[in-house]
Structures are given as C-alpha cells and as structure tokens.
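Any read-out appearing in this document is the output of simple, stated calculations on the displayed coordinates, not a laboratory observation. Everything numeric in this text was worked out from a predicted model, so none of it was measured. Glycine gets a Cβ as well: all are built from the backbone with ideal geometry, and neighbour counts include every protein chain shown.
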Amino acid sequence: MAAIKARPADPVANAQNAADLQAASDALDEYRGNTQRYAFAVSLTLSVLVSIAGVRALGNFVDAGKLKDPVFTHGSQYLFFLCVDVMLSAALLAGGADGIHSVVNAVTSFFDASADKSSKA
C-alpha cells in the first residue's frame with residue numbers, strides 16, 4: 001500500500017492507482033482476518049486444554065465435590081458443572097472479557113431477535 005501511495009500523481013493513472021490501492025487494502029484486510037481466525041482457533045484450543053488440565057474459573061468459588069452427593073443432587077450435575085466450568089474458563093483464557101462479552105452479546109441478540117419476531121407475529 002505504501003508503494004501505491006508513493007506513486008507520482010498523474011491524472012491519467014489516478015483511477016488505476018485508486019483501484020490498485022483498494023485491491024491492496026482489501027487483500028490486507030483479508031489477510032488480517034484470516035490471521036485473526038487462526039490465532040483465535042489456536043488460542044481456544046490451548047485454552048480448552050489448560051482448563052481441562054485444571055485451571056478453571058468456577059472451581060475456586062464452589063465446592064464441586066458436594067455436587068457428587070447422590071442424596072442432594074442428581075449425578076449428572078457434577079459433570080454438567082465441570083463442562084460449564086471448562087467452557088467458561090476456556091473462553092476467558094482465549095478471549096478475556098471480550099471473548100465472554102461476544103458470547104453473551106450473541107445470545108442476547110438472538111433472544112432479542114426472537115422476541116421481536118414473536119411480537120410482530
């Protein structure tokens with residue numbers, strides 16, 4: 001893009017320079033988007049592995065061992081808690097607060113759109 005911008009100003013070539021600059025800008029945007037997707041995929045994979053290994057967000061606040069008690073809880077609650085803990089921890093490790101915010105925003109947007117559709121029907 002810098003090479004295109006450094007071209008001498010020529011009234012005849014200005015249209016071609018503008019088209020070249022737009023194509024270079026589009027190619028750079030596509031490259032950045034692909035790189036960001038790859039980085040997020042690698043980050044999420046590593047975060048899932050780390051959270052499975054034991055670095056979790058909710059486990060520090062809840063005694064998950066009490067969820068194994070068959071008298072007070074259903075047996076699958078412990079497994080469900082661990083799955084939610086791993087997913088939440090992985091999202092926090094991979095994307096920080098922005099990662100969690102994007103997930104919550106997607107869910108709330110879906111519910112808002114569903115509510116709008118049902119109110120119009």
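Annotations for the structure displayed:
- Selected from 114, 86, 103, residue furthest toward positive end of dipole (the chain; charges at beta carbon): 86
- For residue 26 and residue 78, the difference between the fully extended length at 0.36 nm per residue and the C-alpha to C-alpha distance is 13.9 nm.
- Each helix, a run of at least 4 DSSP H residues, gives -39500 (n - 2.57); summed and divided by the residues of the chain, these come to -26500 deg cm²/dmol at 222 nm.
- Under the convention that each Lys and Arg Cβ holds +1 and each Asp and Glu Cβ holds -1, the size of the dipole of the range 2-120 around its Cα centre is about 200 debye.
- Taking a point 7 Å out from the Cα of residue 68 in the direction of its Cβ, the residues of the range 74-97 whose backbone N falls within less than 20 Å of it are 74-87.
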